[in-house]
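Chemist: The following block contains the structure, expressed as structure tokens.
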Amino acid sequence: MKSEAIISTQNLEIGFPPGAGRSSPKTVASQINVALNRGEVVCLLGPNGSGKSTLIRTLSGLHTPLDGRIQLSGRELSAFSAKEKARKISTVLTDRIIVGNLSVYELVSFGRTPYTGWFGSLRKKDEKIIHSAIESTGLEPFVDRDVLRLSDGERQKVMIARALAQDTPVILLDEPTAHLDLPNRVEIIRLLRRLSHQTQKGILLSTHELDLALRAADTLWLMSSDGKVITGTPEDLVLEGSFESVFARDSFDFDRSSGSFTLHQPTKQTAYLSGDAVAKFWTRRALEREGFKVNETKRRTRDARASVLQIEVKNNKSGFVWKVSTGKGGFSSSSIKELVARLRIM
């Protein structure tokens with residue numbers, strides 16, 4: 001079935017017009033051809049300075065494009081009035097919430113402004129939509145609480161609820177997890193994915209959470225430092241090498257086999273690791289931190305004197321056991337700490 005694009009671009013060029021000391025426009029990215037579909041979560045990724053926030057603001061109508069076209073529901077974005085755009089696109093920016101003396105309900109109700117005006121009274125329909133947005137984000141226990149008395153994670157949910165109350169087919173979020181700890185980052189990403197699939201809204205968020213984006217996004221938009229945008233399913237972008245090329249750095253490498261970044265360059269021999277899947281995952285991380293290159297296969301050699309490091313981890317009734325063979329001998333360990341200590345003095 002063909003997906004329905006809510007926002008699409010053709011040869012879009014984004015950046016900044018002349019001014020503020022610039023005699024000519026400053027292009028951030030160009031030749032952008034992307035589409036945001038209904039019921040889809042898109043994560044916008046890229047190095048710092050690649051233009052993620054500029055693209056979000058341009059798609060929302062807050063920045064004027066330097067060139068190219070943006071279509072919203074098949075119509076040129078520039079043809080929409082401000083009120084019409086507010087009924088089509090909700091935007092949650094990365095700025096911290098600093099408003100005070102507002103309850104959760106009052107801030108969420110601002111999402112109805114495109115339909116009521118700043119001083120308009122709420123109708124039953126508006127109140128029903130507000131309550132639904134609060135319920136969808138799990139904010140019922142905080143509905144009468146002052147927004148400034150909430151945690152960062154709870155405040156971000158309030159802003160998402162406000163966007164839901166705006167009742168638009170598109171929600172654009174710029175770094176919605178920027179100020180949050182890991183549990184809240186996971187919860188916000190999970191919430192956005194659930195809302196997109198349940199409500200069939202198109203949700204685009206920029207983020208630095210590469211691992212979460214790989215797991216949660218239906219589609220990735222990768223902005224490279226040279227101003228290009230590559231799109232595709234996360235797994236396809238990983239397999240074809242586009243993902244790691246965008247984030248290529250001397251200090252870390254992307255491991256396609258595990259879907260994670262390695263911070264440490266291998267300086268020691270290869271360790272052949274096998275055994276219990278969960279224990280292998282955490283053992284691999286510890287070995288890579290120590291400088292070993294890890295191969296998750298059990299290598300067999302005919303030469304017993306060969307200096308081949310093999311590590312097999314088993315889950316016994318008393319706990320995990322690591323059995324190490326080097327071709328010149330071996331040992332067993334009952335913890336990763338002990339394993340690493342023994343390997344350091346080999």
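Read-outs: derived from the displayed coordinates by stated rules, not from any lab. Note that the coordinates shown come from a computational prediction; the quantities given were computed from them, not determined experimentally. Cβ atoms come from the backbone with ideal geometry, glycine included; neighbour counts cover every protein chain shown.
Chemist: Nearest 10 degrees, 0 to 90: what angle lies between the long axis of helix 152-165 and the longest principal axis of the chain (Cα atoms)?
Modeler: Helix 152-165 sits roughly 50 degrees off the main axis of the chain.
Chemist: A further question follows. Give me Rg over Rh for region 32-85, both radii from the alpha carbons and Rh done the Kirkwood way, two decimal places.
Modeler: 0.96
Chemist: Next question. Amide H to amide H under 5 Å from Leu173: which residues, 5+ apart in sequence or cross-chain, H placed 1.01 Å off N in plane?
Modeler: Val92, Leu204, Leu205, Ser206
Chemist: Can I ask one more? Just to be sure I understand: of the beta bridges DSSP finds with both ends in the chain, what percent are antiparallel, rounded to 5?
Modeler: Details: 34 of 59 bridges.
Antiparallel: roughly 60 percent of the beta bridges in the chain.
Chemist: Given bins 5 angstrom wide, list per bin the percent of all Cα-Cα distances in region 162-298, short to long.
Modeler: 2, 8, 16, 17, 17, 16, 11, 7, 4, 2, 1, 0
Chemist: Follow-up. Dividing the Cα radius of gyration by the Kirkwood radius, what Rg/Rh value follows for the chain? Walk me through the numbers before you get to the answer.
Modeler: On the way: Rg = 25.2 Å, Rh = 23.2 Å.
Over the Cα atoms of the chain, Rg/Rh equals 1.09.
Chemist: Also: Take the Cα atoms of region 50-131, find their three principal axes, and give me the spread along each one in whole Å, biggest first.
Modeler: 41, 28, 19
Chemist: Can you give the angle from 0 to 90° between the axis of helix 124-136 and the longest principal axis of the chain, with both taken from C-alpha atoms, to the nearest 10?
Modeler: Taking Cα atoms only, the helix is inclined about 10 degrees.
Chemist: Then there's this: Across the Cα atoms of region 70-190, what radius of gyration and what greatest pairwise Cα-Cα distance (Dmax) are found, in Å?
Modeler: Looking at region 70-190, its Cα Rg and Dmax stand at 14.6, 42 Å.
Chemist: Hey, what do the phi angles of region 338-346 turn into as Karplus ³J(HN,Hα) couplings, whole Hz, using 6.51/-1.76/1.60 and θ = phi - 60°, x for Gly and Pro?
Modeler: With the stated coefficients, region 338-346 comes to 5, 4, 4, 4, 5, 5, 5, 9, 5 Hz.
Chemist: Highest mean first, what order results for 217-223, 336-342 on Cβ atoms within 10 Å?
Modeler: Numbers: 217-223: 22.7, 336-342: 15.1.
Sorting 217-223, 336-342 by mean packing, highest first, produces 217-223, 336-342.
Chemist: For the pairs Lys83/Lys125; Lys88/Lys157; Lys268/Lys328; Lys201/Lys228; Lys52/Lys201, flag any whose C-alpha to C-alpha distance is greater than 24 Å.
Modeler: Working: Lys83/Lys125 19 Å; Lys88/Lys157 20 Å; Lys268/Lys328 17 Å; Lys201/Lys228 26 Å; Lys52/Lys201 21 Å.
Violating the 24 Å limit, Cα to Cα: Lys201/Lys228.
Chemist: Additional query: Counting only residues 5 or more places away or on other chains, whose amide H sits under 5 Å from the amide H of Val294 once H atoms are built in the peptide plane?
Modeler: For Val294, the qualifying residues are Ala271.
Chemist: If you plug each phi of region 5-16 into the Karplus form 6.51 cos²θ - 1.76 cosθ + 1.60 with θ = phi - 60°, what whole-Hz ³J(HN,Hα) values come out, in order, with x for Gly and Pro?
Modeler: 3J(HN,Hα) across region 5-16, in whole Hz: 7, 8, 10, 9, 10, 10, 6, 6, 10, 10, x, 10.
Chemist: Additional query: For Asn37, which sequence-distant residues (separation of 5 or more, or a different chain) have an amide H within less than 5 Å of its own amide H, given hydrogens modelled in the peptide plane?
Modeler: Under 5 Å from the amide H of Asn37: Ile6.
Chemist: Something else now. Using only the alpha-carbon atoms, what does region 2-93 span along each of its principal axes? Please give whole angstrom values in decreasing order.
Modeler: That gives 43, 31, 25 Å along the principal axes, largest extent first.
Chemist: Going by alpha carbons, how many degrees (0 to 90, nearest 10) lie between the helix axis of 277-289 and the longest principal axis of the chain?
Modeler: Tilt relative to the chain: about 90 degrees.
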